[in-house]
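One structure is given here, and the rest of the page talks about it.
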Amino acid sequence: MRPNIVYLHSHDTGRHIQPYGHQVPTPNLQRLADGGVLFRQAFSAAPVCSASRAALLTGEYSHSNGMLGLAHRGYRLADYDHHLVHALRDAGYRSTLIGEQHLSVDPADIGYDDVLDGPVTATAAAFLRERPRKPFFLSVGFVDTHRPFPAARGEAPPPAHLPDVPEIRRDMAGFVESARRLDEGVGQVLDALPPNTVVILTTDHGIAFPGAKGTLTDRGIGVMLIVRGPGFEPGVDDRLVSQIDIFPTVCELAGVPRPPWVQGRSLLAPDRNDAVFAEMTFHAAYEPQRAVRTKRYKYIRRYENGYEGPVLANIDDSPSKDYLLAHGLADRVPAREELYDLVFDPGEACNVAGDPAYAGVLDELRERLTRWMRETGDPLLDGSVEPVPGARLNHPAQRSPSDPTFVVR
């Protein structure tokens, strides 16, 4: 009997929740982890919203599926028929969308059988309690933990890569309150689940703090991933996993042939990835980067964007950003190449790309990244990537994504 699939996804949560050891009380997410598989080394294929979700739901990298920027700023999938719901329809699944999706300005473009409006948690719980007769795929998109955060009292421990100061602790308290609301919503959905249902809980990328979201560090691409249901024995999985692996996993669970464009591998397969890849091209502004991550090393390469400084428009506005700007963030020029030894530097704070002791590793990962780009048809190999007509962008020199934008003609 084919299982139902419930895909729960949040905004900008990273792994900053209780099951991953953070002081962010999320008892319902912990309950899900206790009964399912907690993937400790799961990564998004991009540290920006639309590109990340597009990769997960098509099983192909964003430079392959066309979502090189943000959907609400003019980007689209090259072929919406590559979305997971179309493959599942062939197996008799009925698909329903509730809440955030971030792949199109018009949700009707995507191809869900039903798009339900209303409060996300209540609408999803009501849908599940009706016990649909067909096997179903349900996407429930929470806006938590996206900025602006709800008002919160007090302070909370800051992210480990940021200074421990009152401004950032107060900012983090808002994240914690937003995570609490996310947890509450997820709990109500879990309580309404019918039998024979696989739950996939994840997020698009890292938390919306400087140095996380919008970067190819683990803080930017590391994501929570918890899967519970038929086919998954509870426990912890330390394999390297990319979100492009979710599409072939769902196909295997549903008994659907793997479409030819899918670039990931099923989480149910006995073998594992020896590396994962990630990319960023456009966010608010053009900032092309590519990365490869193995168990031990992370290599990030930045490409020419016509501007030497940090692309501040790609950092969400926040009190934390304001604090760093006041202390010289705008003057910190990012390196063209970054290499991190994750055994001795898990926080990716010491770039060893210029260290002769790592020359062999650097050459190997340079070549591996280039080979991946070539094999997947990355347009960045041919030079700067032009924005699509109609895209709305910030200039890389601007300080905020809310600064005036220009529209590509």
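Readers should treat all values here as calculations from the given coordinates under stated rules, not as data from a laboratory. All figures in this text were calculated on a predicted structure; none of them were measured in a lab. Counting neighbours? That spans all protein chains shown, and the Cβs are built from the backbone with ideal geometry, glycine included.
Laid out as a table, the results:
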read-out: For a label point 7 Å along the Cα-to-beta-carbon line of residue 307, residues of region 332-357 with backbone N under 17 Å; value: 332-336
read-out: Set of lysines near residue 295 by C-alpha distance (under 24 Å), chain-local residues within fewer than 8 positions excluded; value: 213
read-out: Contour excess over end-to-end distance, with Cα ends at residue 114 and residue 322 and 0.36 nm allotted per residue; value: 70.7 nm
read-out: Most fluctuating residue given options 373, 67, 172, as computed from a GNM of the chain linking Cα atoms under 10 Å; value: 373
read-out: Helix-only CD estimate at 222 nm, as mean residue ellipticity for the chain, using -39500 (n - 2.57) per DSSP H run (n ≥ 4); value: -7500 deg cm²/dmol
read-out: Packing-based order for 42-53, 12-23, using average beta carbon neighbours within 10 Å, highest first; value: 42-53, 12-23
read-out: Label assignment, semi-axes √(5λ) of the Cα gyration tensor in Å derived from the structure, set [x] 43, 23, 20; [y] 38, 24, 21; [z] 31, 24, 22; value: [z]
read-out: The chain: DSSP helices with Cα axial extent of at least 15 Å and average Kyte-Doolittle hydropathy no lower than 1.6; value: none
read-out: Relative contact order (%) - region 91-161, alpha-carbon pairs under 8 angstrom, separation at least six; value: 41 percent
read-out: Summed side-chain charge close to residue 307 - residues other than residue 307 whose Cβ falls under 15 Å, Lys, Arg +1, Asp, Glu -1; value: -1
read-out: Mean Cα-pair separation over length for region 262-409, i.e. relative contact order, pairs under 8 Å, 6 or more apart, %; value: 26 percent
read-out: Virtual spin-label span in nm between residue 269 and residue 34, 7 Å along Cα→Cβ; value: 3.4 nm
read-out: Nonlocal amide H pairs with residue 203, under 5 Å, H built at 1.01 Å; value: 10, 224
read-out: Length-normalised contact order of region 119-245 in % [C-alpha pairs under 8 Å, at least 6 apart]; value: 22 percent
